[in-house]
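Visitor: To start, I am sharing the structure in question, which I have written as structure tokens.
The values are calculated or read from the model by the stated rules, or taken from the named source; none is laboratory data. These numbers come from a predicted model, not from an experiment. Methodologically, a virtual Cβ is constructed for each residue, glycine included, from the backbone with ideal geometry; neighbour enumeration extends over all protein chains shown.
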Amino acid sequence: MEFWLHVLNWILLLSILGVSLNLLLGYAGLVSMAHGALFGIGAYAAALTARDLGVPFPLTVVIAVAFTTAVAAAVTLPALRVHGEYLILLTLAFQMVVYGLMLSWTDLTEGRTGVSGIPRPAIAGSALTTPTQFLPLIALVTALAFAVGWRIGESPFGRVLKALRDDERATLAIGKSVLRYKVAVFAISGAVAGVASALFAHYQAFINPFSFTLDRSIFLVALVVLGGTANLLGTFVGAVLFVGLPEVLRFLEARQDIVDAVRNLIFGGLLVLFMRFRPEGLVPEHSRLGRRRRPVTAPPDVTGAAVIARSGPAPDGPALVARGLAKRFGGIRAADDLSLSLSRGKVTALVGPNGAGKTTVFNLLTGFLPTEAGAISLDGRDVTGLAPWRAVRAGLARTFQDVRLFERMTVLDNVMVAIPDQPGERLGPLFLAPGRVARAERENRERALRYLAFVGLAHRAGDVAGALAFGEQKLVALARLLATEADVLLLDEPASGVDPQWVARILDLIRQCARAGRTVCLVEHNLEAVTVVADHAYFMEAGRIVAEGTPEALMADARLGEIYFGTGRR
Amino acid sequence: MDADLGLAAQLAANGLIAGSLYALLGVSWGMIFATTRIFHFAHALTLAVATYAAVVVVDTARLGLPLGFVTAAAAGCLFGLLVEIAVYRPLRRANATQLNVFLASLGFLIAGESVLLIVFGPEARTLPGFPLEGIALGPVAFTTIEALWAAASWALVLALLAWLRLTRWGRAIRAVASNPELAQCVGVDPPRVFVLVFAVGSALAGIGGALIALRDTASPFMGVQPVLAAFIAVFLGGIGSIPGAIVGGVVLGLAENMGGLLLPGHWQGVIAFVVLFLVLVFRPSGLLGAAAR
């Protein structure tokens, strides 16, 4: 009996670590190969302060959490600039270093001998020693960890994490500070791991480096991935599987190292097969298991203009003015002393041959590329050099040529995530003002459905975005852009690569946005579309604006036609 | 003071010796990574499998060390091909994300290490037969094995560099590494190039593994530590740059060993990490990488 309760305790402890890693890996798409090391740092912090400094039990948990949170946040310092494979390498190296130190820094860790005699926690005067006595405590903490993990993962905060996972650039382009979310999720993940590690140290009363190896890190990753990323129920299933299988393998009655090898063989093989045949894991992200799914229905009273109208009185003058922008790539001038101005409530088009620098202009205006000279002002306010997400908050947002939806999220979530100033995006209100968060969530949900109704896709709200046709994806991208509530909308080829039937619809929506008071600028190759939709056009060639006027006037200019179609001798 | 200088010279020599091996492993992994963009963690398994093949030839069948090295290269080459064709290619066809390919690589590594352990047992094996002698050059002492490490690594690295620059296939590899779509347009077939880099890179890893087993030992888990050094070398130097991987390997070897002048021995690993950390923070594109990624 005691033995099976011990197994259960182990499952619970590992599932807490799983929650910690799933927040990073499953929700935010950030790999950590150092969770074993993090687990170790917390365990040593709790063990040494409890045994050598006589710190009492609950306080040791706080100390462990402080250490793991700080370390997780610090290790990610470079991770804030880099991602993907850099993060794998960085955490891998960190894992090896910490493990090495645990073995060799014997003055502190006692090396391979390990730290023994860690005091047992005493609750209400009696010390916990057996698995039975520990179970209520561990179960309670596990429940808490899952509750916190679930609250974070399934909230507006978690929605931004998933956006970050699916597309980092697009997350910036909807006005979210990627940096803040990365630091926060690493710190939270570290804190949750810290809790598990302190409990572990007190529970075992003995720790040595061999519990905190690279293998442990790999197993935690495998546990989360096989169980199902971005689904905490999956993490629990994974923990049961990972602790349960070795216990079953005991019946082989082979030597311990052979048993371990068989276990590794099975888990390694499963990992390869799952990545090939079921990358979403046992309990997938959009599984009905383990989460409530309310049916998605559109509000009955949907009219387009109501939701897209700009709020507040419009100031005078052009909405956006850029002067003297410049950008070089090597020897190529992608933007050269470039100036333009966008009239409020009008549609302006940027046309010109391929490579003229049109998308570069968008990148410069929205801060995705720093301009080398010049200034940009939005409603008279200087926005030069703002980070992309700050430019969006200031009211200047853009779409991408290649759409860049958050492909693994639902259509509704794609739009909801872009709504600014959601209280549930901040951890304080998320845990302290749940009523306010829930209310805002209901309103934002309705609001997002209205944007979707405006583009005519409310009926697809519950579908996963990646499953939509390209034309529909462009419409969702437009709804997402509107949801940022930006006044100036930069559309990068809104109608290209789309069936003709969609083109007319998209152009009509763009006109409606302008009529509602939004300022639109678009880059488009379809000249017919430009003539239909634009009030004013700039013609670009080789990083410069060479002509401007009504679209009709520009089309009629034979010289520009030559540049555009390349029929001249250039 | 003289003793300090002597120590510094010795540590520098140790650093260069370790660095040449890191450079060899760095280019072998870096070439695969730059071309295929796969974070090929199972390279560690290739190294171990090839070394065990050499151990069987040299220690069990007694066929002599030269044949052992040939076997290591051949086994590495074949094993690398197997991984590419049996594991990575189906994943690419299924449009797996880069992260999922990495996870599959990780799974393949731990599964493969387990097979090695079940077949060969956990005991360390050796690759005997190389005449081990000490060599003293002024204040610096090293062994004949270490001299072989450095000589063989540099010979292979330089041969690889020449091959990449001078041959048609080498140019195809560099083309795919710098721009796969464009390479396709000029008639280079990326899948064939992928097979090629896995074959060549894995053969080099096999030889690297055999070199390691000459001085140290062979074990199922022997590959992880050296391959991690290779990863670091590649990122230090800059992804996609073969000379970068060489420089990265040497810098890493020197930093690890010269650090012993300032810090106690068990901090050796920390120095490598700090160097990596600083480079990633201040120069994410690597020492020799292009300024913008």
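Visitor: Can you tell me which of A:109, A:113 is in contact (Cβ under 8 Å) with a residue 24 or more places away in the chain, over 24 Å from residue A:3 (Cα atoms) and touching a Leu at 6+ places or on another chain (Cβ under 8 Å)?
Guide: Step by step, each of A:109, A:113 is checked, and only A:109 is in contact (Cβ under 8 Å) with a residue 24 or more places away in the chain, over 24 Å from residue A:3 (Cα atoms) and touching a Leu at 6+ places or on another chain (Cβ under 8 Å).
Visitor: Determine if region B:130-144 includes at least one residue that is part of a helix (DSSP H, G or I) and either over 16 Å from residue B:52 (Cβ atoms) or not aromatic (Phe, Trp, Tyr) (or both).
Guide: The answer is yes, given that some residue of region B:130-144 is part of a helix (DSSP H, G or I) and either over 16 Å from residue B:52 (Cβ atoms) or not aromatic (Phe, Trp, Tyr) (or both).
Visitor: Among (1) at pLDDT below 90; (2) more than 14 Å from chain B (Cβ to nearest Cβ), there is one condition residue A:44 misses while meeting the rest; what is its number?
Guide: Condition (1) is where residue A:44 drops out.
Visitor: May I pose another question? Does region A:332-340 include one or more residues that are buried (at least 17 other Cβ atoms within 10 Å of the Cβ), modelled with pLDDT of 90 or more and part of a loop (DSSP other than H, G, I, E, B)?
Guide: No, that holds for no residue.
Visitor: Let me ask you something else. Can you spot a residue in region B:123-130 that is surrounded by fewer than 21 Cβ atoms within 10 Å (Cβ to Cβ) and within 14 Å of chain A (Cβ to nearest Cβ)?
Guide: Scanning region B:123-130, I find at least one residue that is surrounded by fewer than 21 Cβ atoms within 10 Å (Cβ to Cβ) and within 14 Å of chain A (Cβ to nearest Cβ), so the answer is yes.
Visitor: Got a sec? Which helices (runs of 4 or more DSSP H) wholly within region A:219-321 have at least 1 residues that are at pLDDT below 75 and touching a Cys at 6+ places or on another chain (Cβ under 9 Å)?
Guide: A:304-308
Visitor: Also, quick follow-up: Are any residues in region A:32-55 hydrophobic (A, V, I, L, M, F, W, C), surrounded by fewer than 24 Cβ atoms within 10 Å (Cβ to Cβ) and farther than 14 Å from residue A:206 by Cα, and if so, which ones?
Guide: Of everything in region A:32-55, those that are hydrophobic (A, V, I, L, M, F, W, C), surrounded by fewer than 24 Cβ atoms within 10 Å (Cβ to Cβ) and farther than 14 Å from residue A:206 by Cα turn out to be A:53, A:55.
Visitor: Checking residue B:95 against (1) within 14 Å of another protein chain (Cβ to nearest Cβ); (2) surrounded by 15 or more Cβ atoms within 10 Å (Cβ to Cβ); (3) not in a helix (DSSP H, G or I), only one condition comes out false. Which one?
Guide: Just one mismatch for residue B:95, condition (2).
Visitor: Checking the condition over 16 Å from residue B:268 (Cβ atoms) and crowded, with 17+ Cβ neighbours inside 10 Å, which residue from A:115, A:97 passes?
Guide: Only one candidate qualifies: A:115.
Visitor: Next up: Confirm whether residue B:127 is under 26 Å from residue B:249 (Cβ atoms), within 22 Å of the chain's Cα centre (by Cα) and assigned to a loop (DSSP other than H, G, I, E, B).
Guide: For residue B:127, the condition - under 26 Å from residue B:249 (Cβ atoms), within 22 Å of the chain's Cα centre (by Cα) and assigned to a loop (DSSP other than H, G, I, E, B) - is met.
Visitor: Among the helices (runs of 4 or more DSSP H) lying completely within region B:167-256, list those that include at least 1 residues that are in contact (Cβ under 8 Å) with a residue 12 or more places away in the chain.
Guide: Counting at least 1 such residues, we get B:168-178, B:190-215, B:224-237.
Visitor: For a quick check of your reading of the model, give me the residue pairs whose first member lies in region B:268-285 and is at the interface with another protein chain (Cβ under 7 Å from one of its Cβ atoms) and closer than 13 Å to residue B:232 by Cα, whose second is of a type in the set (Gly, Ala, Ser) and buried (at least 22 other Cβ atoms within 10 Å of the Cβ), with beta-carbon atoms closer than 6 Å and at least 6 apart or on different chains.
Guide: B:273/A:93; B:276/A:93
Visitor: Mind listing whichever residues of region A:354-381 are crowded, with 23+ Cβ neighbours inside 10 Å and part of a loop (DSSP other than H, G, I, E, B)?
Guide: A:356, A:357, A:366, A:367
Table: residues versus (1) within 22 Å of the chain's Cα centre (by Cα); (2) assigned to a helix (DSSP H, G or I); (3) more than 14 Å from every other protein chain (Cβ to nearest Cβ); (4) of a type in the set (Phe, Trp, Tyr).
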position	(1), (2), (3), (4)
A:140	no, yes, yes, no
A:146	yes, yes, yes, yes
A:160	yes, yes, yes, no
A:171	yes, yes, yes, no
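Visitor: Checking residue B:236 against (1) crowded, with 18+ Cβ neighbours inside 10 Å; (2) under 13 Å from the mean Cα position of the chain (by Cα), only one condition comes out false. Which one?
Guide: Exception for residue B:236: condition (2).
Visitor: Exactly one condition in (1) under 24 Å from residue A:218 (Cβ atoms); (2) of a type outside the set (A, V, I, L, M, F, W, C); (3) free of Cβ contacts under 8 Å to residues at least 60 places away in the same chain; (4) more than 10 Å from every other protein chain (Cβ to nearest Cβ) is false for residue B:30; which is it?
Guide: (3)
Visitor: Right, another one. Name the single residue, out of those in region A:453-465 being over 22 Å from the mean Cα position of the chain (by Cα) and at negative phi, that is surrounded by the fewest Cβ atoms within 10 Å (Cβ to Cβ).
Guide: A:459
Visitor: Scan region A:360-372 and give yes if some residue there is assigned by TED's automatic domain parsing to the domain that holds residue A:559, more than 30 Å from the chain's Cα centre (by Cα), modelled with pLDDT of 90 or more and closer than 27 Å to residue A:562 by Cα, otherwise no.
Guide: no
Visitor: Restricting attention to region A:350-406, and to residues there that are charged (D, E, K, R) and touching a residue at least 12 places away in the same chain (Cβ under 8 Å), which single residue is farthest from residue A:518 (Cα to Cα)?
Guide: Top of the filtered list is A:372.
Visitor: Count, please, the residues in region A:173-184 that happen to be surrounded by fewer than 24 Cβ atoms within 10 Å (Cβ to Cβ) and outside any loop (DSSP other than H, G, I, E, B).
Guide: 7
Visitor: In region B:36-59, how many are in a helix (DSSP H, G or I) and either away from chain A (no Cβ under 14 Å) or aliphatic (A, V, I, L, M) (or both)?
Guide: Counting residues in region B:36-59 that are in a helix (DSSP H, G or I) and either away from chain A (no Cβ under 14 Å) or aliphatic (A, V, I, L, M) (or both) gives 16.
Visitor: When both residues are 6+ apart or on different chains and their Cβ atoms are under 8 Å apart, which pairs have a first residue that lies in region A:273-284 and is under 16 Å from residue A:408 (Cβ atoms), and a second that is basic (Lys, Arg) and surrounded by fewer than 18 Cβ atoms within 10 Å (Cβ to Cβ)?
Guide: Note: no pairs meet the criteria.
Visitor: Now a separate question. Considering only residues of region A:141-172 that are closer than 18 Å to residue A:420 by Cβ and among the β-branched types (Val, Ile, Thr), which is surrounded by the fewest Cβ atoms within 10 Å (Cβ to Cβ)?
Guide: By that ranking, first place goes to A:171.
Visitor: Which residue is farthest from residue A:187 (Cα to Cα), if the candidates are limited to region A:67-119 and must be in a helix (DSSP H, G or I), among the polar types (S, T, N, Q) and away from chain B (no Cβ under 13 Å)?
Guide: Residue satisfying both the conditions and the ranking: A:113.
Visitor: Now for a separate question. Does residue B:255 qualify as being modelled with pLDDT of 80 or more and either within 30 Å of residue B:165 (Cβ to Cβ) or within 9 Å of chain A (Cβ to nearest Cβ) (or both)?
Guide: Yes, satisfied.
Visitor: May I pose another question? What number of residues within region A:13-63 satisfy the criterion of being among the hydrophobic types (A, V, I, L, M, F, W, C) and either in contact with a strand residue (DSSP E or B) (Cβ under 8 Å, 6 or more places away or on another chain) or not assigned by TED's automatic domain parsing to the domain that holds residue A:94 (or both)?
Guide: 4
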